[in-house]
Amino acid sequence: MSLVIEQTQPVPLASGPDGVIRVAGTRVTLETVAQAFERGATAEEIAQQYPVLPLAEVYSLLSYLLRHRSEVDAYLAERADRRMAVRAENERRFDPAGIRARLLARRPRTAREG
């Protein structure tokens with residue numbers, strides 16, 4: 001029996017039209033996997049948490065993360081900046097102060113609430 005050694009294996013990542021990098025064929029983002037790994041999750045735990053990800057793909061993703069740390073960190077920083085900008089824009093457009101009270105005021109009262 002002879003073992004075939006593959007020199008390169010494609011990383012299962014794809015960039016969508018919105019610029020978000022996801023695990024190919026899924027809705028799971030690279031950011032999600034990276035954050036889980038940074039929080040200390042193992043490959044097995046990540047695969048268990050996201051059943052759409054086969055364990056071999058999770059290991060491939062983690063290998064990519066570790067081999068391309070600076071590029072991934074730059075991408076994650078860019079995503080964080082974008083997330084903060086969107087949040088600031090939403091808060092500018094829709095004042096979050098008092099939102100709970102406004103939502104509760106819209107809710108129809110039941111007979112039990114009186």
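FYI, it's all coordinate maths here, none of it is from the lab. The structure presented is a predicted model; accordingly, all values stated were derived computationally and were not measured. Cβ atoms come from the backbone with ideal geometry, glycine included; neighbour counts cover every protein chain shown.
Less than 5 angstrom separates the built amide H of LEU13 from those of ALA24, all sequence-distant by 5 or more or on a different chain.
Within a Cβ distance under 11 Å of THR29, other residues only, what is the Lys/Arg minus Asp/Glu net charge? Can you show the working numbers first?
Details: positive: ARG22, ARG27, ARG79; negative: ASP18, GLU31.
The answer is +1.
Which of the three applies to region 13-106, rounded, prolate or oblate, going by the alpha-carbon gyration tensor with a ≥ b ≥ c and a/c under 1.5 meaning rounded? Prolate shape, in that a/c is at least 1.5 and a/b is the bigger ratio.
Dividing the summed -39500 (n - 2.57) terms of all DSSP H runs of n ≥ 4 by the residue count of the chain sets its mean residue ellipticity at 222 nm at -17000 deg cm²/dmol.
Provide the packing ranking of 48-54, 86-92, i.e. peptides ordered by the mean count of other C-beta atoms within 10 Å per residue, highest first. Could you put the intermediate results ahead of the total?
Numbers: 48-54: 14.0, 86-92: 10.0.
By packing density, highest mean first, the sequence is 48-54, 86-92.
Decide, for region 49-96, between rounded, prolate and oblate: order the square roots of the alpha carbon gyration tensor eigenvalues as a ≥ b ≥ c, take rounded if a/c falls under 1.5, and otherwise choose prolate if a/b is larger than b/c, else oblate. Because a/c hits 1.5 or more and a/b fails to exceed b/c, region 49-96 counts as oblate.
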